[in-house]
1. If you check A:Val227 against the conditions, is it over 15 Å from the mean Cα position of the chain (by Cα) and either basic (Lys, Arg) or within 16 Å of ligand 2 (Cβ to nearest atom) (or both)?
2. Inside the stretch A:8-58, can you point out the residues that are aliphatic (A, V, I, L, M) and under 16 Å from the mean Cα position of the chain (by Cα)?
3. When the stretch A:67-89 is examined, which residues are found to be within 15 Å of the chain's Cα centre (by Cα) and either within 16 Å of ligand 1 (Cβ to nearest atom) or of a type in the set (S, T, N, Q) (or both)?
4. So A:Gln92 fits all but one of (1) away from ligand 1 (no atom under 16 Å from the Cβ); (2) over 20 Å from A:Leu112 (Cβ atoms); what number is the exception?
5. Here are some conditions: (1) over 30 Å from B:Ile190 (Cβ atoms); (2) modelled with pLDDT of 95 or more. B:Thr45 meets all but one. Which one does it not meet?
6. Quick check, is A:Val201 away from chain B (no Cβ under 14 Å), closer than 23 Å to A:Glu93 by Cβ, without any contact (Cβ under 8 Å) to a residue 12 or more places away in the chain and away from ligand 1 (no atom under 16 Å from the Cβ)?
7. Within the stretch A:162-181, take every residue that is within 16 Å of ligand 1 (Cβ to nearest atom) and surrounded by fewer than 24 Cβ atoms within 10 Å (Cβ to Cβ) and give me the one that is farthest from the other protein chains (Cβ to nearest Cβ).
8. For the stretch B:60-95, which positions are without any contact (Cβ under 8 Å) to a residue 40 or more places away in the chain, in a loop (DSSP other than H, G, I, E, B) and buried (at least 22 other Cβ atoms within 10 Å of the Cβ)?
Amino acid sequence: MTALLSLENLSVHAGSKALVSNLSFSLNRGERLGLIGESGSGKSLTSLAATGLLPAGLSASGSAILAGKQVIGAPDRELNQLRGTAVAIVFQEPLTALDPLMRVGKQVAEPLARRAKRDGTPLSGTALDQAVLALFDEVALPEPQRIAKSYPHELSGGQRQRIAIAMALACKPDLLIADEPTTALDVTTQAEILGLLDRLVRERNMALLFISHDLPVVANTVERVVVLRQGETVEAGNVAEVFGNPRHDYTKSLLAAARRLDDAMEGRV
Amino acid sequence: MSTTTMTAPADKKSHSLALKAGVVLVGVHIAIGLLTLVWLPYDPTAMAGGRLEGPSLLHWLGTDRLGRDLFTQMMIGSRIALIVGVGAVTIGAVIGVTLGLLAAFASKWLDDALAATLDILIAFPTLLIAMLVVAASDTANLWSAIFALGIALSAIVARLTRILAKRVLVMDYITAARTSGSGWPKIVAIHILPNIWPTLSVNFALQFGLAVIAEASLSYLGLGAPPPNASWGRILQEAQGTVYTAPLGAIAPGIALVSLAIGVNLLADGLRDTIDPTRRAR
Ligand SMILES: Nc1ncnc2c1ncn2[C@@H]1O[C@H](COP(=O)(O)OP(=O)(O)OP(=O)(O)O)[C@@H](O)[C@H]1O
Ligand SMILES: [Mg+2]
């Protein structure tokens with residue numbers, strides 16, 4: 001079985017400065033991989049490089065094979081066919097990931113209609129509206145009719161993130177990249193969104209690339225992790241191995257920090 | 001929800017008041033402008049009464065030094081001002097938005113080159129650029145003035161569009177649209193233009209005012225529409241010799257200019273608040 005996403009010595013540079021260095025991992029259908037590391041360690045850049053969406057001024061080298069196609073150096077038009085079909089991304093900050101001036105129903109309808117068209121079964125009118133409402137149902141949004149007509153600023157943070165997830169699902173991706181999807185949310189909502197992602201990935205048999213610096217969350221969500229530090233891979237392996245028996249000081253310090261935070265939370269509650 | 005609606009009414013009221021004032025001011029000029037197409041009180045070029053008569057029931061604003069009815073000329077002035085404003089802003093918007101978007105998407109060196117060119121163009125006063133363009137075309141008429149003003153405005157519009165589009169381009173929802181497989185033309189149409197439109201449209205209103213005033217200045221300098229087009233600027237220029245004996249000839253064009261410019265700005269401000277849902281709710 002060929003991997004959905006396979007990175008080999010992927011590096012990202014800004015001029016001569018390396019932001020991600022020689023990163024390698026691969027991800028099959030149904031697998032879940034966590035990419036962890038402190039802020040600025042290159043997690044988001046990795047996901048952007050893997051989808052060919054690096055901002056201007058940054059360049060990638062090495063190999064990133066997504067759904068059998070080499071992403072590095074591929075023309076944008078080819079990548080566009082992959083994006084929204086093979087892969088979709090859920091971003092960290094749901095408020096900025098949604099167009100403030102477009103009703104959220106329309107925002108979800110957009111990728112839905114595109115995917116349907118690519119599949120040769122175009123959707124429009126009421127059928128499209130129904131499909132949007134069905135997706136809202138799938139991400140457990142209450143009052144889908146009302147919410148479809150709302151603008152992002154009229155929704156709660158958790159609702160917005162559900163919309164963002166619905167937009168990603170609308171692409172029917174084989175691989176879902178979730179870039180710190182719960183960082184901007186409060187603890188209760190976090191748990192709900194994680195539960196939702198977990199269920200969706202299972203039900204749709206998607207692969208999940210889960211990006212986070214929240215170790216407990218990662219431990220509960222994925223099977224394997226890659227630990228990044230300043231763009232370098234520090235450690236990689238099964239969650240139980242890496243977290244149970246960290247070999248690298250950096251991983252130990254991340255774990256210690258997470259534990260301290262945990263203790264503090266429990267002490268307070 | 002309840003707290004926002006508590007504070008909303010006062011704000012809303014002043015907004016809708018501004019919008020109404022804008023509608024009335026602009027509406028009056030449009031109504032007059034349209035009326036001139038089918039009816040005028042007097043022949044604008046013929047002697048309609050004595051020279052420099054004061055206001056009367058027959059001549060609401062009096063007559064000028066050639067005995068022509070001033071109110072009739074002011075009416076035609078409204079029509080010309082509207083044509084100039086709409087024409088110049090349309091030309092400026094089409095060229096400016098296109099250039100601005102191109103710059104926002106261009107490679108770094110092309111973007112830098114465009115940005116520098118625009119900065120240099122903008123450093124010249126609008127009026128000066130318009131004068132140069134008019135001077136370069138051999139016949140001064142209304143359309144050469146409109147074209148010249150449109151070109152001059154397009155630099156300002158382009159610079160603003162470029163900045164606004166760049167700001168939208170780095171937003172997550174653009175990346176999100178790209179990850180879902182949206183192509184650039186579509187992203188420009190459904191995300192970028194709608195998001196820069198509220199700010200652009202208010203700027204267009206400002207440009208409208210600028211264009212009308214600049215055309216009046218061109219006419220005042222004799223570079224605008226030639227007679228018998230009674231532009232407000234020409235009325236002003238012709239009245240300046242007799243400003244102490246017949247001050248209305250100078251006052252009326254001034255008031256007309258200011259009322260139209262303010263009206264368009266109030267209208268644009270009010271409209272933006274009704275277009276933009278994030279403002280509407282607040
Ligand atoms: N456009 C850019 N140009 C230059 N450097 C950049 C650019 N974007 C990101 N970087 C740098 O690359 C590094 C990695 O950034 P990245 O966004 O991948 O971090 P991250 O691991 O996702 O962090 P966070 O957890 O805060 O989201 C950072 O040091 C950042 O300053
Ligand atoms: Mg990040």
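1. Details: over 15 Å from the mean Cα position of the chain (by Cα): yes; either basic (Lys, Arg) or within 16 Å of ligand 2 (Cβ to nearest atom) (or both): yes.
When the stated conditions are applied, A:Val227 passes them.
2. Within the stretch A:8-58, the subset aliphatic (A, V, I, L, M) is A:10, A:12, A:14, A:18-20, A:23, A:27, A:33, A:35-36, A:45, A:48-50, A:53-54, A:56, A:58.
Scanning the stretch A:8-58 gives A:Leu27, A:Leu33, A:Leu35, A:Ile36, A:Leu45, A:Leu48, A:Ala49, A:Ala50, A:Leu53, A:Leu54.
3. Matches in the stretch A:67-89: A:Thr85, A:Ile89.
4. Looking at each condition in turn, A:Gln92 falls short on (1).
5. Result: B:Thr45 fails condition (2) only.
6. Answer is no for this residue.
7. Here the residue is A:Glu180.
8. Answer for the stretch B:60-95, where residues must be without any contact (Cβ under 8 Å) to a residue 40 or more places away in the chain, in a loop (DSSP other than H, G, I, E, B) and buried (at least 22 other Cβ atoms within 10 Å of the Cβ): just B:Arg68.
The values are calculated or read from the model by the stated rules, or taken from the named source; none is laboratory data. Only a predicted model underlies this, so the values are computations on that prediction, with no experimental measurement involved. A quick note on method: Cβ atoms are made from the backbone with ideal geometry, for glycine too, and the neighbour counts reach across all protein chains shown.
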